[in-house]
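To start, the structure under review is shown below, and the notes come after it.
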Amino acid sequence: MKLDMEQVVALLKGDTQSAKVVPPSGYTATLTLFTSGAMAFLVVFALALSLATGRLADRWSSELARSSTVRISAPAGQMDAQTRAAAEVLRTTPGVAQARVLSHDEQKALLAPWFGPDLPIDSLPIPQLIEVIEDGDGYDVEGLRLRLSAEAPGAVLDDHTRWRKPLVKAADRLRSLGLFSILLITLATGAMITLAANAALAANKQVIRVLRLVGAQDTYIAQAFVRRFTLRALTGAIAGSVLGMIAMLLLPSASTAGGFLTGLGFQGWHWLWPFIIPPFAAGVAFWATRAAALRSLREQT
């Protein structure tokens, strides 16, 4: 049954007499407020997870797709010569926009998170790394590997494809999991509000019977329950969304050093998404209560 404009106006305006059908307090009111608030709070975090993993997947896909690394492992006496040879091969390779030999300090910084800042890099047989950035057209990976093996036998090309795809796939799955969680939360909210509405209808069975005797239509009676439960859900969702946004603000800000765990909050215009949660929760409550009320009233006929 479609919702026409008159029903919307009646829902917003309310009716003093019909509103008395629904008890203003009690466990149904508490259940509806708590459920909508808790679910809205969880939706804020599910949204943040989905948006953060989406940003992460896009960043990994765009950045790692254009970068690769040449690793040179050779005896100490041949390291410099093979490094120069590999750099020359990269410089003359079509599709390579930039090839930069990493300094000892840069390689030490890369290893610091695993081995600490005091790693004696000069005394360890650590391979020399060359950072390779490709242009828009890209380069021939197999052809470059063959040239490197001929000019610098100790050079190994890693185009990041081996581990980039699993990372992007994992991020995409996390984003899908967040969206699926929102769907489950929505269904759970509708189910809980349906139970609360059925309990209120059962508790007011005698009042409903009297209203019918004086000529009240089922749509008039259902409207009272729909309005009360919709406003309760809206109130609870507003409180839950505000608490969720405050929790997001208290999280550490996004940083390169912190990586994914410090980028879970909303960024930019994504802060507008939580404001959609309260009206969405109210819509779920409206349809769940309306369906439950009309079904229950038909059964009581």
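The values are calculated or read from the model by the stated rules, or taken from the named source; none is laboratory data. Predicted, not measured: the structure shown is a model, and the values here were computed from it. Because the Cβ atoms are built from the backbone with ideal geometry, glycine has one as well, and the counts that use them run over all protein chains shown.
Which residue is farthest from Pro153 (Cα to Cα), if the candidates are limited to the stretch 87-106 and must be in contact with a Leu (Cβ under 7 Å, 6 or more places away or on another chain) and part of a strand (DSSP E or B)?
Checking each candidate, the answer is Val96.
Could you tell me whether Ser181 is over 26 Å from Ala233 (Cβ atoms), among the hydroxyl-bearing types (Ser, Thr, Tyr) and part of a helix (DSSP H, G or I)?
no
Could you grab the pairs with beta carbons closer than 8 Å, sequence gap of 6+ or different chains, first residue in the stretch 144-156 and part of a loop (DSSP other than H, G, I, E, B), second one of a type in the set (Val, Ile, Thr) and modelled with pLDDT of 85 or more?
Ala152/Ile72; Ala152/Thr83; Ala152/Val89; Gly154/Ile72
What is the one condition in (1) of a type in the set (A, V, I, L, M, F, W, C); (2) over 30 Å from Gly54 (Cβ atoms); (3) in the same structural domain as Leu42 (by TED's automatic domain parsing) that Leu148 does not satisfy?
If we test Leu148 against (1) of a type in the set (A, V, I, L, M, F, W, C); (2) over 30 Å from Gly54 (Cβ atoms); (3) in the same structural domain as Leu42 (by TED's automatic domain parsing), just (3) comes out false.
If we scan the stretch 195-213, do we find a residue that is in a helix (DSSP H, G or I), buried (at least 20 other Cβ atoms within 10 Å of the Cβ) and among the polar types (S, T, N, Q)?
So far as the stretch 195-213 goes, no, none of its residues is in a helix (DSSP H, G or I), buried (at least 20 other Cβ atoms within 10 Å of the Cβ) and among the polar types (S, T, N, Q).
Among the candidates Ile193, Ile182, Ile238, which residue alone is closer than 30 Å to His270 by Cβ and touching a Phe, Trp or Tyr at 6+ places or on another chain (Cβ under 9 Å)?
Step by step, each of Ile193, Ile182, Ile238 is checked, and only Ile193 is closer than 30 Å to His270 by Cβ and touching a Phe, Trp or Tyr at 6+ places or on another chain (Cβ under 9 Å).
Conditions: (1) without any contact (Cβ under 8 Å) to a residue 12 or more places away in the chain; (2) buried (at least 20 other Cβ atoms within 10 Å of the Cβ). Leu56 meets all but one. Number of the miss?
Result: Leu56 fails condition (1) only.
Quick one: in the stretch 221-264, which of the residues that are surrounded by 16 or more Cβ atoms within 10 Å (Cβ to Cβ) and over 22 Å from Ser36 (Cα atoms) is modelled with the lowest pLDDT?
Selected residue: Ala254.
For the stretch 88-113, which residues satisfy the criterion of being surrounded by 18 or more Cβ atoms within 10 Å (Cβ to Cβ) and among the hydrophobic types (A, V, I, L, M, F, W, C)?
Residues satisfying the conditions are Val89, Leu90, Val96, Ala99.
Looking at the stretch 265-278 only, could you name the residues that are surrounded by 13 or more Cβ atoms within 10 Å (Cβ to Cβ) and modelled with pLDDT of 85 or more?
Matches in the stretch 265-278: Trp271, Trp273, Pro274, Ile277, Pro278.
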